[in-house]
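One structure is given below, encoded as structure tokens.
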Amino acid sequence: MRILVTGGCGFIGSEFVNYVYQNHPQYEIVVVDKLTYAADEFSIPSDVQLIKKDICDLTLEDVGEFNYCVNFAAESHVDNSIKDGSPFVKTNVMGTYNMLELSKKCSNFIKFVQISTDEVYGDLDIAHKGQSVENDRLIPSSYYSATKAAADELVVACTHTYGLPTLITRTCNNFGDRQHNEKFLPTVIDSVINNREIPIYGDGNQIREWIWVNDNVRMIFDLMLSEYGIFNIGSGDTWANMQIVKFINRIIERDVKYKFVADRLGHDRRYTLDSDKLQMYYKKSKLTTKSLMQYLKEQLI
């Protein structure tokens, strides 16, 4: 069986590649990545085939037939999408479309897995909802989340019209090693270690749900083998940004430096996921193996 992993040199994509490589060696892995600033070709095993190419330009001749496509490839930084949304439209929408078209051409194709985000549901404070469920209306707030929502709809349409077997996973914020330093947690950890001020958007009361990246990729792989449709992947590990700062104060036994900076345009206040469907799949077993606070202790003590 061949698994084509797009964006496989990125943070979450490379964790998925390493998880499959180490735990399921019967699968042949082919990685496609155009190696933007957020990718690292040395984050995957050296004997995994790497095709350095934009998914918008990829052809079946480049990769050969494959049985699964797991599409991690995406422009993902919200601030960048506010400055210029065009790369997000290209990669997240047109790139997904191209991968769906290539998957349709494979003779023994099993499943297309679209890696999505909780941000497609929009701000729960605006929606006056407690948690997002899989059949909620998508109300994205940024060009990033809007292009991810558009990609999800392309996947749904491809299944409806062409019968392509698909799975969409919508996950909460990931944390773990090798995450790019532009993201919130690496910025926090680096600031604390180097005794610099942590930049906090707005009032710091934005609420996010966090999951260890290794748990996320394990669940993606499990669902890839057996499920179809849409699955939220959440942990219930939910924190406001300022709560994270206060927790760090306790574990390092001193007050960290921080400063409030101008809030992001259209900044959503809260995302939290209803993961009951996922919990039923795992039959009430524990979903996650490491909490955000455990991870911060490991990094800072």
Checklist entry - For the chain, what proportion of DSSP beta bridges, expressed in % and rounded to the nearest 5, is antiparallel? => result 10
Next on the checklist: Angle check, please: helix 11-23 long axis (alpha carbons) against the longest principal axis of the chain (alpha carbons), in degrees 0 to 90, nearest 10.
Outcome noted: 60
Checklist entry - In nanometres, what is the gap between the two model label sites at GLU182 and GLU101, each 7 Å from Cα along Cα-to-Cβ? => result 2.7
Item to check | Computed E for LEU300/ASP125 - FRET, C-beta separation, R0 25 angstrom, nearest 0.05 | outcome: 0.25
Checklist entry - Taking only DSSP H segments of four or more residues, each worth -39500 (n - 2.57), what value at 222 nm results for the chain once the sum is divided by all its residues, to the nearest 500 deg cm²/dmol? => result -10500 deg cm²/dmol
Checklist outcome for this item: Filtering trypsin sites (Lys or Arg not before Pro) in the stretch 136-219 by DSSP loop and by at most 10 other Cβ atoms within 10 Å leaves ARG137
Checklist outcome for this item: With 0.36 nm assigned to each residue of separation and the Cα-Cα distance removed, ILE82 to ALA262 gains 63.4 nm
Checklist entry - Which ordering of GLU61, GLU119, GLU134 is given by a fewest-first count of other beta-carbon atoms within 10 Å? => result GLU61, GLU134, GLU119
Checklist entry - Angle, helix 241-252 long axis vs. longest principal axis of the chain, Cα atoms, 0 to 90°, nearest 10? => result 70
Item to check | Rel. contact order, % - alpha carbon contacts under 8 angstrom, at least six apart, the chain | outcome: 18
Next on the checklist: Using amide H atoms built in the peptide plane, which far-off residues or other-chain residues are under 5 Å from VAL261 H to H?
Outcome noted: ILE200, TYR201, GLY202
Checklist entry - For GLN243 and GLN22, what does the FRET efficiency come to when R0 = 51 Å and r is the distance between their Cβ atoms, rounded to the nearest 0.05? => result 0.90
Item to check | Test item: Cα-centred dipole of the stretch 159-301, Lys/Arg +1 and Asp/Glu -1 on Cβ, debye | outcome: 200
Checklist entry - If you stretched the chain out fully between GLU197 and LYS286, how much longer would it get, using 0.36 nm times the residue separation minus the C-alpha to C-alpha distance? => result 28.4 nm
Checklist outcome for this item: Across THR147, THR161, THR36, the residue with the highest GNM fluctuation in the chain (Cα network, 10 Å cutoff) is THR161
Checklist entry - How would you classify the stretch 201-301 from its alpha-carbon gyration tensor, with a ≥ b ≥ c the square roots of the eigenvalues: rounded for a/c under 1.5, else prolate if a/b is greater than b/c, otherwise oblate? => result oblate
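Any read-out appearing in this document is the output of simple, stated calculations on the displayed coordinates, not a laboratory observation. Given the structure is predicted, the values throughout are model-derived calculations rather than measurements. Every residue, glycine as well, gets a Cβ built from its backbone with ideal geometry; the counts of neighbours run over all protein chains shown.
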